[in-house]
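What follows is one structure encoded as structure tokens, with my remarks underneath.
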Amino acid sequence: MESACAPSGFNIVPPPGWDTVPLRNGTSEAVQRIVGTSVSQLPAGFPKDDIPKARLRLTRELKQTVRQARKSNGLTLYLPVERMHGIIIPASFVASEPLAAPTGEVAPEAVLRDLARDAEDASVREVDGTAAIRTLRRLPADPENGVEVPTWRVQYTVPIPHSVPAQWLTFSFSTLIAPDMGSEFAEILVELFDAVMTTFRWSYA
């Protein structure tokens, strides 16, 4: 849709079996809903006496994920809630609040060039008619922050059309590279995120 005005928001379709956690309002309700869904999917033989412990652990882990997303100015958190082959996929992605140029008038194209120049793996992708930069990084384990294995992180930086001053949205996907899953599974999850980004659409309502 063509418009001389900046879009008022965006729409994106998460993968089947994923849910969203708004990070401004309604966070607690979303956390409770997701924990309830996860507990209901526990194996039939799971000891009933251990269900409260499982609920508490899931709540604690999810709140930690929410805190990390908020630290990166997250707007919405997307994460899997249904099991695949008996496990919850160790992945998530975050849509962050719009970022503005720090000073002066900065052309969106110049910012994208800088991002591409500084990244080890960068490419231009079209996101609903807007040229965006996709970067891919492999981050080492960070035990001090509770990350025991390496992580793959994919980020899309998308200029907001007609924004004055210029603003950008960022979508950051992370997946753990667990030893028992192998890098091929992580690559599949990265491809899944790339597919999700093809569903991105600006909204002008």
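The values are calculated or read from the model by the stated rules, or taken from the named source; none is laboratory data. All of these numbers come straight from a predicted model, not from anything done at the bench. Here the Cβ is made from the backbone with ideal geometry for all residues, glycine too, and neighbour counts use every protein chain on show. Only protein heavy atoms, including side chains, enter the accessible area calculation; ligands, DNA and RNA are left aside. Shrake-Rupley method; radii C 1.70, N 1.55, O 1.52, S 1.80 Å.
Observations
- Counted residues, the stretch 33-81 - those being open to solvent by 70 Å² or more (accessible area, probe 1.4 Å) and touching a helix residue (DSSP H, G or I) at 6+ places or on another chain (Cβ under 7 Å): 2
- For the stretch 16-32, residues that are open to solvent by less than 30 Å² (accessible area, probe 1.4 Å) and at negative phi total 5.
- Qualifying positions in the stretch 18-55 - within 27 Å of MET197 (Cα to Cα) and in contact with a Lys or Arg (Cβ under 8 Å, 6 or more places away or on another chain): ASP19, LEU23, VAL31, VAL35
- Selection count where residues are surrounded by 13 or more Cβ atoms within 10 Å (Cβ to Cβ) and either aliphatic (A, V, I, L, M) or assigned to a strand (DSSP E or B) (or both), scope the stretch 82-97: 8
- One residue stands out among those in the stretch 137-158 that are of a type outside the set (Val, Ile, Thr) and at pLDDT 90 or above: the one that is surrounded by the fewest Cβ atoms within 10 Å (Cβ to Cβ), which is GLN155.
- Here the stretch 166-189 is the region considered, the condition is being of a type in the set (A, V, I, L, M) and buried (at least 17 other Cβ atoms within 10 Å of the Cβ), and the residue that is modelled with the highest pLDDT is LEU169.
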